[in-house]
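Have a look at the structure below, then the notes.
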Amino acid sequence: MISDSQSAPQLHKNEGIKERSQYLRGTILEGLADVSTGSISADDQQLTKFHGIYQQDDRDVRAKRRKHKLDKAYAFLARICLPGGVCTPEQWLVVDELADFCAFNTIKLTTRQAFQLHGILKGNLKEVVKSCNDVAMTTLAACGDVNRNVMCNPNPFISEVHAEVQRVTAEIDAYLKPQTPAFSQMWLDGEPIQLTVEQAAERSKGCGGDAVEPLYGSTYLPRKFKIAVAVPPFNDVDVFAHCLGFIAIIEEGKLAGFNVTVGGGMGMTHGNEKTFPRLADVIAFCTPDQAVAVAEKIVAIQRDHGNREDRANARFKYTVERLGKDRVRVELEKRLGYALEDPREYKFTSTADRYGWVEGINGKWNLGLFIEGGRIVDDEAKTFKTGMRAIAKVHTGDFRLTANQNLIIADVAPEDKGVIDALVAEHKLDAYKTASGMRRSQIACVALPTCGLALAESERYLPNLVSDLEVILEEAGLQQDEIVIRSTGCPNGCGRPYLGEIGLVGKVPGKYNLYLGAGFDGERLNKRYRTSVTHEEIIDELKPILLSYAKEREEGERFGDFTIRKGYVNATMAGNQFHADCAG
Ligand code: SRM
Ligand code: SF4
């Protein structure tokens, strides 16, 4: 095992909460049974995350309630895993129905190919978890200090490789699930989802966990862990933003294996330069058969070497930064018991989704829809929720959630395309045909009113900003240009804003840090260009740059590359350069 320089640790309090929790039980059941309050205890709030559940409150009414000396309007968020974003119509219909019992009546498609339901009352949580389980979905490990929903390129039908990659993704996801019996005992009336005794004993051999949690042990990981699998030329999962990544290497039309990437992550804290977004390093190549073992050993390295004292410095990216990528590879090979090959050639072109109809290799069709902010909702302008329900009732293929918060209606027989097209048009789900290139290339995190960490608006702000920028885009003749714009309500980076050619990160209500210069292929971070700017200032800053981009760009030059060539910002090629040379 590698030795590193951690001395006499003062463990973070969450380590004690996990250790005492009896494998994530805590006093959650008692808390749920307490009808005198809509909330649960602070310690249990840390534990329910592992079960995919966050306590929140409606921040739109917080001040008013405080004035009237009322408790916060507590409700819960449930995140539902979909490995690789795959969802059957049956599963969609269950989520649709559950959303009707939530305060916000919406389904949120997340940046990690999962569903979120907001505004669930405490008394309804069990029904939500159980209903998901009934149709083979789970909230387990959607959040918490464990491996999360494993992502992959969402277009499995465009080649045989894509289907195989989806299979590997599902295998990694299943293998890394926590095994605690507490989940099934608490939410599913004891229906077993854990390993058999023999499987647990086999898995815990030499793995460093224990008989209940063969991989994780009783204190799980120091922090959340994220994995994505990408299929070049599409980097639509932002593989370099992940703790661990697999880049499919396709040779002679077949999946030869994967380049392994380690140490990516987005989150940081304003004003704390010890925290920074970091793009992953490519360290080795593994065969498809080795991928699960590689994932297991990398997770175990983070379990053993991650920082358990300071949660702001506990993500695997900081472990990789501290140990160095070469030592991580040495340790990985030692734990695997065999050497890996060196990385192979690959080329990414874009982090964007593909919209409209795409024919699959099986003669069926896949329709990529643009879902602004990933929000499936009925309102005055559209009936997305009703429309998707109607589609799920007639659709015989499945759905694929994308990492850009969009949706693919997948595996449609040629003779069914007309019916799907008609429903899509009827419910205004056809914005992919008319939206500007920038609008189609946006990501906005949830932020207000549900996110307890939001410093500014994001999902409710970005569409308005894009509308104002569209006036400039039209003047410049850039309506169809895909310019990647991403916003978040705080620096945690849930919308991967540091990979936006234009990035906005909330500072205080109504003010954002403005970032420029990320690579369109997801291989270069952006850099801060202006600090704490208002809506009007953002427009004033971006207008001359967009106009000169239209006039002075080179053939095929992307907006992010242009802002660097013209000296608006310096290129950020490593996480520890992120804070350096800020303009403005
Ligand atoms: Fe996130 C915390 C929403 C993807 C980095 N994230 C949160 C919480 C749970 C707030 C909280 O802790 O109380 C947010 C819930 C808001 C709400 O009301 O829904 C939240 N994160 C989201 C989602 C829903 C954003 C979206 O609009 O789609 C995404 C759910 C993904 C999923 O299905 O699992 C989401 N979060 C991400 C990503 C993007 C990714 O993984 O590709 C990141 C950056 C990548 C990374 O992890 O480095 C991300 N979320 C964070 C962080 C910062 C972690 C860090 O390293 O510092 C936090 C805060 C924390 O963990 O302390 C956070
Ligand atoms: Fe909340 Fe910040 Fe994540 Fe946005 S980036 S959802 S504001 S934690």
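Sort out which residues of segment 492-512 are of a type outside the set (D, E), more than 16 Å from ligand 1 (Cβ to nearest atom) and part of a loop (DSSP other than H, G, I, E, B), and write them in order of number.
Answer for segment 492-512, where residues must be of a type outside the set (D, E), more than 16 Å from ligand 1 (Cβ to nearest atom) and part of a loop (DSSP other than H, G, I, E, B): P509, G510.
May I ask you to say which residue of V237, V229, V260 is in a strand (DSSP E or B), of a type in the set (V, I, T), within 17 Å of the chain's Cα centre (by Cα) and surrounded by 20 or more Cβ atoms within 10 Å (Cβ to Cβ)?
Values: V237 fails: in a strand (DSSP E or B); V260 fails: within 17 Å of the chain's Cα centre (by Cα).
After applying the criteria, what remains is V229.
Read through the list (1) assigned to a helix (DSSP H, G or I); (2) within 16 Å of ligand 2 (Cβ to nearest atom), then give the number of the only condition that Y515 fails.
(1)
I need the full set of residues from segment 139-191 which are modelled with pLDDT of 90 or more and hydroxyl-bearing (S, T, Y), in order please.
Passing the criteria: T139, T169, Y175, T180, S184.
Which residue is surrounded by the fewest Cβ atoms within 10 Å (Cβ to Cβ), if the candidates are limited to segment 133-155 and must be of a type in the set (A, V, I, L, M, F, W, C) and over 20 Å from the mean Cα position of the chain (by Cα)? Before you say what the answer is, go through the steps one by one.
Step one: list which residues in segment 133-155 are of a type in the set (A, V, I, L, M, F, W, C), which gives 135-137, 140-143, 146, 150-152.
When the remaining residues are screened for being over 20 Å from the mean Cα position of the chain (by Cα), the result is 135-136.
Values: V135: 14, A136: 9.
Among residues in segment 133-155 that are of a type in the set (A, V, I, L, M, F, W, C) and over 20 Å from the mean Cα position of the chain (by Cα), the one surrounded by the fewest Cβ atoms within 10 Å (Cβ to Cβ) is A136.
Using beta carbons and a limit of 8 Å, which pairs, at least six apart or on different chains, have the first residue in segment 102-127 and within 27 Å of I227 (Cα to Cα) and the second one among the acidic types (D, E) and away from ligand 2 (no atom under 14 Å from the Cβ)?
I107/D96
Checking E474 against (1) out of contact with any strand residue (DSSP E or B) (no Cβ under 6 Å at 6 or more places or on another chain); (2) within 15 Å of ligand 2 (Cβ to nearest atom); (3) part of a helix (DSSP H, G or I), which single condition isn't satisfied?
So the condition that E474 fails would be (2).
Output the qualifying pairs, or none if there are none: Cβ atoms under 8 angstrom, residues six or more apart or on different chains, first residue in segment 351-363 and free of Cβ contacts under 8 Å to residues at least 12 places away in the same chain and more than 15 Å from S159 (Cα to Cα), second residue among the hydrophobic types (A, V, I, L, M, F, W, C) and in a strand (DSSP E or B).
Qualifying pairs under 8 Å: none.
Quickly run through segment 16-39 and pick out the residues that are touching a Ser or Thr at 6+ places or on another chain (Cβ under 7 Å) and crowded, with 18+ Cβ neighbours inside 10 Å. Lay out the reasoning, then the answer.
The first filter runs over segment 16-39 and keeps only residues touching a Ser or Thr at 6+ places or on another chain (Cβ under 7 Å), leaving 18-19, 23-24, 27-28, 31.
Across segment 16-39, the qualifying residues are K18, Y23, L24, I28, G31.
Select from segment 444-464 the residues that are within 14 Å of ligand 2 (Cβ to nearest atom) and either polar (S, T, N, Q) or free of Cβ contacts under 8 Å to residues at least 24 places away in the same chain (or both) and list them in ascending order. Step through it out loud before you land on a result.
As a first pass, look at segment 444-464 and keep what is within 14 Å of ligand 2 (Cβ to nearest atom): 444-462.
If the condition is that a residue be within 14 Å of ligand 2 (Cβ to nearest atom) and either polar (S, T, N, Q) or free of Cβ contacts under 8 Å to residues at least 24 places away in the same chain (or both), then T450, S458, R460 are the ones that fit.
So which of S467, S487, S441, S436 is within 11 Å of ligand 2 (Cβ to nearest atom) and either of a type in the set (S, T, Y) or touching a residue at least 12 places away in the same chain (Cβ under 8 Å) (or both)? Lay out the reasoning, then the answer.
Details: S467 fails: within 11 Å of ligand 2 (Cβ to nearest atom); S441 fails: within 11 Å of ligand 2 (Cβ to nearest atom); S436 fails: within 11 Å of ligand 2 (Cβ to nearest atom).
It is S487.
Just checking, which of Y568, Y529, Y549 is among the hydroxyl-bearing types (S, T, Y), in a loop (DSSP other than H, G, I, E, B), away from ligand 1 (no atom under 16 Å from the Cβ) and over 19 Å from C445 (Cα atoms)? Give the derivation first.
Values: Y529 fails: in a loop (DSSP other than H, G, I, E, B); Y549 fails: in a loop (DSSP other than H, G, I, E, B).
That would be Y568, the only listed residue that is among the hydroxyl-bearing types (S, T, Y), in a loop (DSSP other than H, G, I, E, B), away from ligand 1 (no atom under 16 Å from the Cβ) and over 19 Å from C445 (Cα atoms).
The values are calculated or read from the model by the stated rules, or taken from the named source; none is laboratory data. The shown structure was predicted, so the numbers you read here are calculated from the model rather than taken from an experiment. Virtual Cβ from ideal backbone geometry, glycine too; neighbours counted across all protein chains shown.
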